[in-house]
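The values are calculated or read from the model by the stated rules, or taken from the named source; none is laboratory data. Here the structure is a predicted model, which means the values were calculated and not measured. Reconstructed Cβ throughout: ideal geometry from the backbone, glycine too, with neighbour counts over all protein chains shown. With ligands, DNA and RNA removed, areas are computed over all heavy atoms of the protein, side chains included. Shrake-Rupley method; radii C 1.70, N 1.55, O 1.52, S 1.80 Å.
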Amino acid sequence: MIIHLKNDVSKAVKHEIAAKYEAVELFKDDKTILITPCSLKNIDGKYLEYIDESWVFDNDIQLASKKYRSDIQEIKIGNLAIGGQHRNTIIIIGPCGVESEEQIELTADFINKCGLHTLRAGSFKPRTSPYSFQGMGIEGLKLLAGMRDKYGFPIVTEVRDSSHIDAVIEYADVIQIGAKSMYDHGILRKCGKTNKPILLKRGFGSTLQEFVQAAEFILSGGNQNVMLCERGIRTFESKTRFTLDLCGVAYLKANINLPVILDPSHAMGYAYGVPDLARACMAMDVDGLLIEVHPDPSVAKSDASQQLNHDEFKLLFESLKHIAKAVNRNII
Ligand code: PEP
Ligand code: MN
């Protein structure tokens, strides 16, 4: 249950109600909001005088539910905005990982020439093998920050674990939580304590319920700036890397009040399929696309098989513009 308390309720009463119902307390816009487990359906009559409004739920998707708030959360990314009343679709491109100054300069210059504005690359890479490239760490964050200084691009970069999360929060404009970290409560809780936008990727073995519940950790921690990123789930199919759950996207759009970003690159795993999939993603009328683009994918140190080169992206981008128009979206 979500409970909005009246503004004049004393601290002692707030704490009494919170303790009685084992509620999480959230302070937002001068309001105290209590979120109890969803099993609570009724409040003791003696507390009703302290309550402004309340919502009952049948599961623990609460703050993110359209039943609670029907409008999509507006998220500001640098000078850009998605969600809210906007019809914007942000196209977030860049290589899987920051690999060198030259690579990141070439990428930033390309983004600028495309007329796009957001640069994404990981510098702390959560890899499947400890023997693969792990990312450039802080050095990479500095290179990204340099591109923000030069071009004014907001930077999207991922946090691998809570040991370096403060640095990522300091350098990034958007903090990406990768699929493998979706359950990392150290990261989720810390992201709840910053106001920076969070791009939360769906764990590839997670249900939609679990995915949105992970977002609830950030929301109930105090940060409402959460974007949900569908990047493919593991199915029995092995010809493609993952299976992009577009049905899940339809569910999220209908039921959840957070912007949705689609990542065709990690879902497909192979560059040849990314353009078609990206077009399908744009047709889903979503708030953003995340596409991996590398100046020379053949030498990429991670996710080499799925990254588009600049010419391939340019071609795709032209067709995305038509689809955006058809679904009444502005590409930003
Ligand atoms: C990435 O975005 O480069 C990445 C590692 O993605 P995911 O967490 O979805 O596997
Ligand atoms: Mn990648």
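Annotations
- Relative to the dominant Cα principal axis of the chain, helix 101-114 is inclined by about 80°.
- For the chain, DSSP calls about 40 percent of its internal beta bridges antiparallel.
- Taking only the C-alpha atoms of segment 2-55, Rg followed by Dmax gives 9.9, 27 Å.
- Shape summary: segment 1-110 maps onto an equivalent ellipsoid whose semi-axes, from the alpha-carbon gyration tensor, are 42, 15, 14 Å in decreasing order.
- All Cα-Cα distances of the chain, cut into 10 Å bins from zero to the largest, leave 6, 26, 33, 21, 10, 4, 0 percent in each bin in turn.
- Between Ala19 and Asp52, the simple label model (points 7 Å from Cα in the Cβ direction) yields a spacing of 2.5 nm.
- CD proxy at 222 nm, helix term only [per DSSP H run n ≥ 4: -39500 (n - 2.57); per residue of the chain; nearest 500]: -10000 deg cm²/dmol
- Distance from the Cα centroid of segment 216-266 to that of segment 9-23 is 34 Å (rounded to whole angstrom).
- Peptide ranges 243-253, 120-130, 11-21 listed from the most packed, as the mean C-beta count within 10 angstrom indicates: 120-130, 243-253, 11-21
- Acute angle (nearest 10 degrees) that the helix 208-221 long axis makes with the longest principal axis of the chain, alpha-carbon atoms: 70
- Helix 274-283 and the long axis of the chain differ in direction by around 40°, with both axes built from C-alpha atoms.
- Per-residue SASA entry for Lys321, accessible area with 1.4 Å probe, Å² rounded to 10: 90
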